């Protein structure tokens, strides 16, 4: 089985996967002990089959929507989310070795595929809310487009030019909607960016097509019995991606043969020891990211508190540090 990106980079994965059974059990207990109680309980429930893994977990998503093993499933995802029924997935596409220059940052796509008409598509599964998601979509789309404009071995440079280069499709599936999506007042949870328009009114269709999907908003609507996209089958799939353990979602998904097959495949897949090592590696990667974000928030809060204290003491020289801090904390709580 091919190792996914997070596992290839993770020392947690390498340690577990290379250990013999008895050592692995000890190592796993030690690693689980250092996770949060929520993450530990989640992992143990998945092992026991009491809980389904998240379908947008890196390792699980790449299994369930693999372009070679599940071409039709991925194709339907691209078609339904883009609104383009002409999409015909040809094969998977890996870009791990592609980089434009020694100083360029490397972009690794989640689930990329080649379409039979020459276009490239990519489905990105985003668990954490990122306020730079729109900007990231621009960069990912640009990177895919540069791959399209590059010349493969055996192809003449003259065969690729600005007029003949094929476009790309980027789809972002967001489990937790960031700004500006949260504050946008609309029943729609799929946002398709297809046409660009100038201030003068001139329109054109760019080579990079982008689609952003609010999985959390979709799930909330499903639970409340409404659908801003008016597509019940698609809403059920997206709700399953948003929360694979929601009772209402799973119960309805089991009544659909395609979704039932997906659920059964996920259950079987996560019992593989290598996959479990990848899942635990993902838990640690998420914990590290959360710790960094928590530290950054704490640093920012401390800096803000100190700035308010200094401002209060400057405006009132008779105010001592302790009283200034109390006032500052009250001001920050009210703000």
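Pull up region 222-276, narrow it to residues that are without any contact (Cβ under 8 Å) to a residue 12 or more places away in the chain and touching a helix residue (DSSP H, G or I) at 6+ places or on another chain (Cβ under 6 Å), then point me to the one that is surrounded by the most Cβ atoms within 10 Å (Cβ to Cβ).
Applying the filter and picking the extreme gives 227.
Just one of the numbered conditions (1) assigned by TED's automatic domain parsing to the domain that holds residue 213; (2) over 24 Å from residue 228 (Cβ atoms); (3) over 16 Å from the mean Cα position of the chain (by Cα); (4) in a helix (DSSP H, G or I) is not true of residue 39; which one?
(1)
I'd like to know if region 34-45 contains one or more residues that are closer than 20 Å to residue 259 by Cα, modelled with pLDDT of 75 or more and crowded, with 19+ Cβ neighbours inside 10 Å.
no
So which residues in region 99-145 are at pLDDT 90 or above, surrounded by fewer than 18 Cβ atoms within 10 Å (Cβ to Cβ) and in a loop (DSSP other than H, G, I, E, B)?
116, 117, 118
The values are calculated or read from the model by the stated rules, or taken from the named source; none is laboratory data. Please read these numbers as outputs of a predicted model, since none were measured by experiment. Don't worry about glycine lacking a Cβ; one is built from the backbone with ideal geometry, like all the others, and counts go over all protein chains shown.
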